[in-house]
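A short write-up of the structure that comes next.
Derivation of every value follows stated rules applied to the coordinates shown; laboratory data play no part. Here the structure is a predicted model, which is why all the values come from computation and not from measurement. Positions of Cβ are generated from backbone atoms using ideal geometry, with glycine treated the same way; all protein chains shown enter the neighbour counts.
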Amino acid sequence: MTTKRYYHIITFGCQMNKADSERMAGILEDMGLSWSDDPNQADVILYNTCTIRDNAEQKVYSYLGRQAKRKHEQPDLTLIVAGCVAQQEGEALMRRVPELDLVMGPQHANRLKDLLESVFAGNQIVATEEVHIFEDITQPRRDSQVTAWVNIIYGCNERCTYCVVPNVRGVEQSRKPEAIRYEIEHLAQQGYREITLLGQNIDAYGRDLPGSTPEGRNLHTLTDLLYYVHDVPGIERIRFATSHPRYFTERLIKACAELPKVCEHFHIPFQSGDNELLKAMSRGYTHEKYRRIIDTIRKYMPDASISADAIVGFPGETETQFENTLKLVEDIGFDLLNTAAYSPRPGTPAALWDHQLSEETKSDRLQRLNHLVNIKAAERSQRYFGRIEEVLVEAENTKDKTQVMGRTGGNRLTFFAGDINQLKGQMVKVKITEVRAFSLTGVAVEIPQLVTV
Ligand code: SAH
Ligand code: SF4
Ligand code: F3S
């Protein structure tokens, strides 16, 4: 290539997609392309897509339309759709938008270089077959220099009746503990301070690895992995997501209480507070079991912060069943709750059921739930007032450049006055002076000495 070529990536969806985008950006840089902030200046545009709900899927079509037009004036523009919509739609997406050069499912992220070389050689490609995900040797181009995602298990073997993820992300594939530790050691050497271990159902980690007992007992669990990676020097905080109540163990809770670097924050989606609905969703637990898990966490770590996801308006949800969700939210008091109205997804059982609720009922319930969530989160925030919290500084506060932004161990966004050049990547003790439902403001009580890493 003679002239400099640029790429731009637009990422939708969850942390898995963000992590995949960072790896794909690393591959593109390796191929000699440079990042462009402006998609209209880029020679390669990659959309990493999400299809968890219909509105997520529709977003990509509106974006694509614009760039497909541009391609008519600039035929050497390369257009890629990666991620979950690519996997779901495959060939159909290529037919719908013939300007596309490459449609590639999430399992193919690490193969981007090979796929793209074939595109540059003149091919139009759909890569959506199930593959074994290879260990990646390319360095991801990460958005943050302080916190990093580390995939530990890809895919999901659950069959929640509303969910497309197993269709688009394939079966569970755990990475080997050694490969995970190696990546974390490398991150520490580069100056990263916090890692988040990622999996759609992180409690399933290891069950596909060799080393299970003949009875199927897993010898490589998430708990074992936490012990195994905990002592990597330089890493000060370890988080993990997403937990599944069906598999969440007391042994894991104890490990989190015992291991100082593991943050006291748990993201455990419950989806519904009603047992019949939980059954219809095939979630494999009751609201009583969910409550017991939270009680046990709070027994070991009274201050732990708890976040979750919930769906309202699942097919057949009655007013009383919805109220059971409200009741669970009222009783538990979440620090954060991601809420969504049920959206029927292609290829999922619940989409075909009778008793779909009207959009009106769904949005009414969503509003009522969100109202309660805000009240409860504001209550939970109160406990931080006047306290001294350790904040790991990540970036400037984009709305006020005299301030920096970081997170507490419990994952509350926190702002305080300071210079980002001095504080980035530092753990600072901050006295909390203002609390809001989902964020805090404070003043630094002790600025650490500038350390060079
Ligand atoms: N693996 C995680 C969640 C992955 S999807 C888990 O098991 O909890 C993220 C969230 O999107 C889910 O927790 C759920 O609340 C929501 N979600 C998934 N499918 C949905 C659908 N069809 N309609 C609305 N929300 C959905
Ligand atoms: Fe979807 Fe259920 Fe798997 Fe989560 S556990 S990704 S909700 S199928
Ligand atoms: Fe969306 Fe795919 Fe994640 S559907 S939520 S990007 S796994």
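Numbers for the structure displayed
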{"read-out": "Debye log10 I(q)/I(0) for region 4-125, one point scatterer per Cα, at q = 0.20, 0.21 Å⁻¹", "value": "-1.15, -1.29"}
{"read-out": "Residue order, fewest to most surrounding Cβ atoms within 10 angstrom, among S381, S439, S62", "value": "S62, S439, S381"}
{"read-out": "Inter-probe distance in nm under a simple model that places probes 7 Å from Cα toward Cβ, at T361 and E446", "value": "5.6"}
{"read-out": "Per principal axis, descending, Cα span of the chain in whole Å", "value": "62, 61, 52"}
{"read-out": "Of G386, N411, L369, farthest towards positive along the dipole that unit charges on Lys, Arg, Asp, Glu beta carbons give region 360-453", "value": "L369"}
{"read-out": "Of N421, I152, A42, farthest towards positive along the dipole that unit charges on Lys, Arg, Asp, Glu beta carbons give the chain", "value": "N421"}
{"read-out": "Amide H within-cut-off set for L197, under 5 Å, with H built and near neighbours excluded", "value": "V150, R239, F240, A241"}
{"read-out": "Footprinting exposure proxy for I153, I10 (fewest neighbouring C-beta atoms within 10 Å first)", "value": "I10, I153"}
{"read-out": "Fewest-first ranking of M31, M16, using other Cβ atoms within 10 Å as the exposure measure", "value": "M31, M16"}
{"read-out": "Long-range amide H partners of D43 with built H, under 5 Å", "value": "Y6, Y7"}
{"read-out": "Residues in region 24-66 that a label on R96 would reach, taking backbone N under 14 Å of a point 7 Å out along Cα→Cβ", "value": "49-66"}
{"read-out": "Virtual spin-label span in nm between R368 and N157, 7 Å along Cα→Cβ", "value": "3.9"}
{"read-out": "Estimated inter-spin distance, L413 and R298, nm [label 7 Å along Cα→Cβ]", "value": "2.6"}
{"read-out": "Magnitude of the charge dipole, the chain, Cβ model with Lys/Arg +1 and Asp/Glu -1, debye to 20", "value": "600"}
{"read-out": "Whole-Hz couplings from phi, Karplus 6.51/-1.76/1.60, listed for region 118-125; x for Gly and Pro", "value": "5, 5, 5, 7, x, 9, 10, 10"}
{"read-out": "Whole-angstrom gap from region 414-432 to region 270-313, using each part's C-alpha centre", "value": "34"}
{"read-out": "Disulfide-incompatible cysteines by the Cβ rule (no partner under 4.7 Å) in the chain", "value": "C14, C50, C84, C156, C256, C263"}
{"read-out": "Above-threshold pairs, the threshold being 29 Å between Cα atoms, out of K69/K401; K299/K376; K59/K429; K113/K399; K176/K376; K176/K289", "value": "K69/K401; K59/K429; K113/K399; K176/K376; K176/K289"}
{"read-out": "Cβ charges +1 (Lys, Arg) and -1 (Asp, Glu), total dipole of region 75-150, debye", "value": "180"}
{"read-out": "Added length on full extension, which subtracts the Cα-Cα distance from 0.36 nm per residue, N421 to E288", "value": "43.1 nm"}
{"read-out": "J(HN,Hα) series, region 356-362, from Karplus relation 6.51 cos²θ - 1.76 cosθ + 1.60, nearest Hz, glycine and proline x", "value": "5, 8, 6, 4, 5, 4, 4"}
{"read-out": "Helix-only [θ]222 nm of the chain, DSSP H runs n ≥ 4, -39500 (n - 2.57) each, per residue, nearest 500", "value": "-10500 deg cm²/dmol"}
{"read-out": "Sequence-distant residues sharing a close amide H with L102 (under 5 Å, placed H)", "value": "L79, V81, I125"}
{"read-out": "Cα centroid of region 91-105 to Cα centroid of region 1-80, whole Å", "value": "13"}
{"read-out": "Cα-centre dipole for region 145-381 with unit charges at Cβ (Lys and Arg positive, Asp and Glu negative), debye to 20", "value": "360"}
{"read-out": "Contour excess over end-to-end distance, with Cα ends at N40 and D231 and 0.36 nm allotted per residue", "value": "64.3 nm"}
